[in-house]
Amino acid sequence: MTGAVRALPVGAEALLLEVDSAAEVAALHAEVLRRRAAGDPWLAGVRDVVPAARTVLIDGVAAPEALAARIAGWQVPPVAAGEGPEVTVPVRFDGPDLAEVAGRWGVAAGEVAGIVTGTPFRVAFCGFAPGFGYLTGLPERFHLPRRATPRTAVPAGSLALAGEYAGVYPRSSPGGWQLVGRTDAVLWDPGREPAALFAPGVRVRFVEAGA
Amino acid sequence: MRPTSGLEVVRAGSLTTVQDLGRPGYAHLGVPRSGALDTEAHALANRLLGNPADAATLETTLDGVALRAVGTVTVAVTGAPCPVRVAGRPAAWGAPVRVPNGAVLEVGAAAYGVRSHVAVRGGFAVPAVLGSRATDLLSGLGPPVLTAGTVLPVGRPWGPVAGADTLRVPAPPTELVLPVRPGPRADWFTEESVAALARGAYRVSSAGNRIGLRIEGGPALVRARGGELPSEGIVLGAVQVPPNGLPVVFLADHPVTGGYPVLGVVPHEALAGAAQARPGVAVRFVMVGP
């Protein structure tokens with residue numbers, strides 16, 4: 001990893017590890033999981049490891065200050081392109097914001113599907129609702145602003161874009177992202193193992209439904 | 001396994017939910033921790049009945065609940081002190097109470113505090129989701145908020161009723177003191193405004209819920225730096241400061257990530273008090289060691 005890890009105190013039993021990029025978060029998150037699985041005694045008792053945009057939260061740490069000092073000495077290898085499980089998600093590209101997205105990208109409406117299906121995505125982190133993943137991978141020129149007025153109800157299964165992220169709404173909820181398509185894939189089912197189709201580190205391929 | 005007994009909801013109260021110790025360990029999937037807000041009251045109610053600490057109880061809000069026994073059950077009411085009646089007769093608060101088949105257990109309005117806990121010997125045996133029976137109001141996991149007519153199944157007893165326990169009945173708080181350990185984003189606020197927190201005439205707002213304790217009155221925190229904070233993980237007890245500058249103390253149904261800076265964290269031991277603080281109660285923040 002290129003940059004340093006800044007360890008910030010969070011109460012008596014948690015640490016927030018801050019880095020400079022989504023790629024560094026992915027690498028650091030994978031490293032924490034590797035070390036916890038290997039029985040690292042400094043991570044014993046850790047309940048939650050929560051990656052986010054530029055941070056990884058570790059909650060349930062017995063000695064946060066001592067762990068912070070150790071993390072400063074960690075060697076954190078980058079995540080390889082093919083690392084992690086992959087899921088394929090069929091999408092119908094008929095979202096209400098398709099024309100607006102195409103306009104902002106400077107392409108024809110019919111080309112949006114090709115750009116999205118041609119992008120290898122990765123679940124950077126989850127939040128907002130159970131099973132909602134923030135997917136990174138879109139090149140910077142395709143990053144989009146949120147809608148000026150959020151919708152009060154976005155249908156479940158909507159494929160949406162905002163900022164540097166793509167995401168799929170697991171259930172109907174309010175939302176301000178740009179809607180480009182829809183999938184029948186079940187993003188979240190607490191009765192299924194795993195409950196979430198999109199967990200941090202999962203690689204995601206969108207394909208055109210019926211194509 | 002078919003339940004041998006149950007409790008039918010006669011009066012649901014303003015907000016009564018099933019709670020246990022929640023579902024920690026799924027925050028990375030966007031699942032809140034949830035669970036009882038007053039974990040001491042939840043644990044005591046279970047202990048009185050010989051239940052394990054993670055048995056599900058009911059958490060009421062201000063005005064209690066009424067339940068009719070289906071089969072004879074033993075219950076215990078803890079948390080916010082309140083009148084307890086069985087079949088119209090006064091019964092003990094904070095002790096095991098037998099409710100005969102067909103009799104109604106009436107848990108009255110809290111004399112002070114907000115949330116009472118009703119445990120039943122054997123625990124409420126509603127289906128578990130991701131290892132927990134807790135109702136999560138933020139994400140909608142777990143059993144729905146109680147409504148009249150619902151029959152809650154009761155599980156098999158684990159062991160004998162414990163009977164007497166050491167009961168600490170707290171006096172009505174005149175002030176909620178919230179210790180705050182600074183971090184991770186305390187440096188996003190001016191030192192003067194953080195220092196002013198301890199002197200501020202804050203009080204509990206009526207807008208609070210299981211997601212967070214909201215504060216009103218007193219001076220708003222002043223940002224020392226501008227800009228947006230990218231989403232980051234949030235812990236139980238985090239003191240998050242939205243743009244209006246008034247802190248929100250995150251409780252059990254808190255979101256797993258948030259985009260506003262977290263000034264500090266209230267230790268778990270102080271959160272039961274926060275869960276029982278009524279709107280209007282004075283709040284004082286005390287910054288404690290890093």
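Just need a number here: residues in region B:1-51 that are aliphatic (A, V, I, L, M), assigned to a loop (DSSP other than H, G, I, E, B) and within 14 Å of chain A (Cβ to nearest Cβ).
2
Do we find a residue being loosely packed, with under 14 Cβ neighbours inside 10 Å and assigned to a loop (DSSP other than H, G, I, E, B) anywhere in region A:103-117?
Yes, because at least one residue in region A:103-117 is loosely packed, with under 14 Cβ neighbours inside 10 Å and assigned to a loop (DSSP other than H, G, I, E, B).
Which residue pairs have Cβ atoms closer than 7 Å, lie 6 or more positions apart in sequence or on different chains, and pair a first residue in region B:67-95 that is at pLDDT 95 or above and outside any strand (DSSP E or B) with a second residue that is open to solvent by 20 Å² or more (accessible area, probe 1.4 Å) and acidic (Asp, Glu)?
Listed pairs, sorted by first residue: none to list.
Within region B:213-221, does at least one residue satisfy the condition of being open to solvent by 60 Å² or more (accessible area, probe 1.4 Å) and among the charged types (D, E, K, R)?
Yes; the residues of region B:213-221 include at least one that is open to solvent by 60 Å² or more (accessible area, probe 1.4 Å) and among the charged types (D, E, K, R).
Output the residues belonging to region A:135-157 that are open to solvent by less than 50 Å² (accessible area, probe 1.4 Å) and of a type in the set (A, V, I, L, M).
A:Leu135, A:Leu138, A:Leu144, A:Val154, A:Ala156
Quick check on my filter: what residues within region A:83-118 are in contact (Cβ under 8 Å) with a residue 40 or more places away in the chain and under 19 Å from the mean Cα position of the chain (by Cα)?
Within region A:83-118, A:Glu83, A:Gly84, A:Pro85, A:Glu86, A:Val87, A:Thr88, A:Val89, A:Pro90, A:Val91, A:Val116, A:Thr117 qualify.
Which residue out of A:Pro174, A:Pro190, A:Pro194 is within 14 Å of chain B (Cβ to nearest Cβ) and in a strand (DSSP E or B)?
After ruling out the rest, the residue left standing is A:Pro174.
Among the residues of region B:138-159, is there at least one that is more than 14 Å from chain A (Cβ to nearest Cβ) and at pLDDT below 85?
Within region B:138-159, one or more residues are more than 14 Å from chain A (Cβ to nearest Cβ) and at pLDDT below 85.
Does A:Phe132 satisfy the condition of being buried (at least 17 other Cβ atoms within 10 Å of the Cβ), out of contact with any Asp or Glu (no Cβ under 7 Å at 6 or more places or on another chain) and within 14 Å of another protein chain (Cβ to nearest Cβ)?
When the stated conditions are applied, A:Phe132 passes them.
Using the structure shown, decide if A:Arg192 is more than 17 Å from the chain's Cα centre (by Cα) and farther than 25 Å from A:Ala102 by Cβ.
Judged against the criteria, A:Arg192 is a match.
Checking the conditions here, which among B:Val281, B:Val288, B:Val249, B:Val204 is under 27 Å from B:Ala41 (Cβ atoms), of a type in the set (A, V, I, L, M, F, W, C), crowded, with 17+ Cβ neighbours inside 10 Å and within 14 Å of another protein chain (Cβ to nearest Cβ)?
Result: B:Val249 is the single residue among B:Val281, B:Val288, B:Val249, B:Val204 that is under 27 Å from B:Ala41 (Cβ atoms), of a type in the set (A, V, I, L, M, F, W, C), crowded, with 17+ Cβ neighbours inside 10 Å and within 14 Å of another protein chain (Cβ to nearest Cβ).
Take region A:39-76 and flag every residue that is open to solvent by 20 Å² or more (accessible area, probe 1.4 Å), within 16 Å of A:Ala27 (Cβ to Cβ) and more than 11 Å from every other protein chain (Cβ to nearest Cβ).
A:Ala72, A:Gly73, A:Trp74, A:Gln75
Of the numbered conditions (1) at pLDDT 95 or above; (2) in a loop (DSSP other than H, G, I, E, B), A:Ala81 satisfies every one except a single condition; which is it?
(1)
Only one of A:Leu16, A:Leu98 is within 12 Å of chain B (Cβ to nearest Cβ) and modelled with pLDDT of 95 or more; which?
On inspection, the qualifying residue turns out to be A:Leu16.
Can you name every residue in region B:65-97 that is surrounded by fewer than 24 Cβ atoms within 10 Å (Cβ to Cβ) and under 13 Å from B:Ser5 (Cα atoms)?
B:Arg68, B:Val70, B:Gly71, B:Thr72, B:Thr74
Before we move on, is B:Ala162 farther than 21 Å from B:Val114 by Cα and either buried (at least 22 other Cβ atoms within 10 Å of the Cβ) or not acidic (Asp, Glu) (or both)?
yes
Identify all residues within region B:23-59 that are over 24 Å from B:Cys82 (Cβ atoms) and open to solvent by less than 10 Å² (accessible area, probe 1.4 Å); write none if there are none.
Of everything in region B:23-59, those that are over 24 Å from B:Cys82 (Cβ atoms) and open to solvent by less than 10 Å² (accessible area, probe 1.4 Å) turn out to be B:Arg23, B:Gly30, B:Val31, B:Pro32.
The values are calculated or read from the model by the stated rules, or taken from the named source; none is laboratory data. None of the values given here were measured: they were computed from a predicted structure. Please note: Cβ atoms are built from the backbone with ideal geometry, for glycine as well, and neighbour counts cover all protein chains shown. Calculation scope for accessible area: heavy atoms of the full protein, side chains included, ligands and nucleic acids excluded. Shrake-Rupley method; radii C 1.70, N 1.55, O 1.52, S 1.80 Å.
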